[in-house]
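The values are calculated or read from the model by the stated rules, or taken from the named source; none is laboratory data. Everything numeric in this text was worked out from a predicted model, so none of it was measured. Counting neighbours? That spans all protein chains shown, and the Cβs are built from the backbone with ideal geometry, glycine included.
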Amino acid sequence: MAGAGWAPPQLEDFILTERLGSGTYATVFKAYRKRNVREVVAIKCVSKKSLNKASVENLLTEIEILKTIRHPHIVELKDFQWNKEYIYLIMEFCAGGDLSRFIHTRRILPEKVARIFLQQLACALKFLHEKNISHLDLKPQNILLSSLDKPLLKLADFGFAQHMSPRDEKHVLRGSPLYMAPEMVCNGQYDARVDLWSMGVILYEALFGRPPFASRSFAELEEKIRSNHPIELPRHPRLSQECLDLLQRLLKRDPQQRISFKEFFAHPFVDMEHMPSAESLGKATSLVMEAVKKDQQGDASAALSLYSKALEYFVPALRYETDARRKEAIRSKVSQYISRAEQLKGLVSSNNKVLLQQGIPARDILKEMSKDKPCLYAALELASAAVAREEEGKDDYETLDLYQQSLGDLLRMLAAEPAGRRRELLHAEIQALMGRAEYLKEQIKMKESQWEAESIGKEGILDSARGSCILQ
Ligand code: ADP
Ligand code: MG
């Protein structure tokens, strides 16, 4: 093991400078290539002593594979060397430090930022999953930031875990039980799904500032890991339903019940579809073209919906664009579309008001018919509260939550409702409420996209002074 007082080792082609960090198995130094001093790299020195003997060969083969991997969210392994005592991995240098430090200097990350980070990690995980590679040691210390100024996350330190000395208590202690899936710690029987658990822990820590099993003593930690209570999510800060749902499904102790890789990549909170990419702008543009067509045909509500979908691609397109002039051109287009969407919204919402008013009598009749069934009555009251909030102009997550809660309850009751007039009315009411909730969700997203599109490039990228951090 590399101790803290380690002198940088001598390597023929490199000048080693400061120590960047040390983790479980290795010490990492910043270095320059002698032939090209502008090439900064990070060199990871792994002591062969910390490897189990049979593994050295395997490890070298594996490193050979890792060398062929190129992905924007995976630390690039440029080369490797070895001598009697050490293996040296020559890697891309990441100037932004690791995610652990990033989170803890900010205490917690806003949901928006955590989501952007999660998307990047999911993207790397998907790439690895398709190649049948598991990380097995995912944790904030093994996730690096390319820079602090325009942070891109990069997965580091993988392909190692299975080569380390036999698993024993000490090994588990050296690794990080805080991030390890319970099945890994408890019975040593595990598979790729442990990476999904760790993703859940990382997201949890980013949002709440500490991992779910944070403990004051090892005994307490062990108890938490071995318990079979479901992981409880703190109530503060308040998070979106989608985010909470994902956390709950990643942090299932039983890997059989845990979200699958496929479901994870498709989860609405991960939303890989709307990641900044070369395709974002094209998708946004073709949606705008459809919106314009609908607008010309006089279908305000379809046009509004298309503009709002287009905006969801424009925001990542703006993030993706690096050229300042092109960025500005997109932004000015976007603000035109936003003003048109605003006008359309005025039209659509006055139509909606009429519909909302028309809906009231039906709901009142339904309520009248539900007096003998308090739970149905209560769910309808909840729906009325949502509609009332919306009528007051409160198109926010709280209103959406009310809609979703009442819809959840009503759908359950519909399933148990016998055929008859009340069932028909209930069915119609649910459909109307679903339409409302969908529209509201679109409006909220549009407001957010608008806000984001306006803020990209205008504010500091990492505005930690205000406790928030906006990523370009
Ligand atoms: P270990 O296998 O010992 O855990 P890691 O690869 O996780 O080693 O590296 C240990 C620490 O060194 C990381 O947490 C990070 O702070 C720093 N580090 C590692 N790789 C790089 C790099 N490419 N650029 C900058 N810092 C790095
Ligand atoms: Mg590490």
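Things worth noting here:
- Residue check for Ala206: crowded, with 20+ Cβ neighbours inside 10 Å, part of a helix (DSSP H, G or I) and of a type in the set (A, V, I, L, M): yes
- Just one residue in the set Tyr88, Tyr179, Tyr190 is closer than 18 Å to Cys45 by Cα, at pLDDT below 95 and not in a helix (DSSP H, G or I); that residue is Tyr88.
- Failed criterion for Leu244 (all others in (1) touching a residue at least 24 places away in the same chain (Cβ under 8 Å); (2) among the aliphatic types (A, V, I, L, M); (3) surrounded by fewer than 17 Cβ atoms within 10 Å (Cβ to Cβ) hold): (1)
- Hey, Ser349 under 24 Å from Leu433 (Cα atoms) and assigned to a helix (DSSP H, G or I) or not: yes
- Test: Ala379 is touching a Ser or Thr at 6+ places or on another chain (Cβ under 8 Å), under 17 Å from Lys441 (Cβ atoms), surrounded by 16 or more Cβ atoms within 10 Å (Cβ to Cβ) and of a type in the set (A, V, I, L, M, F, W, C): no
- Which listed residue is part of a loop (DSSP other than H, G, I, E, B) and among the charged types (D, E, K, R), from Asp395, Asp409: Asp395
- The residue list Val46, Val41 contains one member that is part of a strand (DSSP E or B), modelled with pLDDT of 80 or more and touching an Asp or Glu at 6+ places or on another chain (Cβ under 8 Å), which is Val41.
- Per-region count, region 91-136, residues part of a loop (DSSP other than H, G, I, E, B) and either within 17 Å of the chain's Cα centre (by Cα) or on the phi > 0 side of the Ramachandran plot (or both): 7
- Residues of region 11-28 satisfying the condition of being over 21 Å from Leu60 (Cβ atoms) and either within 15 Å of ligand 1 (Cβ to nearest atom) or not in a strand (DSSP E or B) (or both): Leu16, Thr17, Glu18, Arg19, Leu20, Gly21, Ser22
- Residue satisfying condition, being of a type in the set (Lys, Arg), at pLDDT 90 or above and closer than 30 Å to Ile116 by Cβ, within set Lys441, Lys394, Lys458: Lys441
- Qualifying residue in region 31-46 (condition: among the polar types (S, T, N, Q) and within 13 Å of ligand 1 (Cβ to nearest atom)): no
- Boolean, Ser100 is at pLDDT below 90 and either crowded, with 20+ Cβ neighbours inside 10 Å or within 16 Å of ligand 2 (Cβ to nearest atom) (or both): no
- Check on Ala156, more than 16 Å from ligand 1 (Cβ to nearest atom) and either charged (D, E, K, R) or modelled with pLDDT of 85 or more (or both): no
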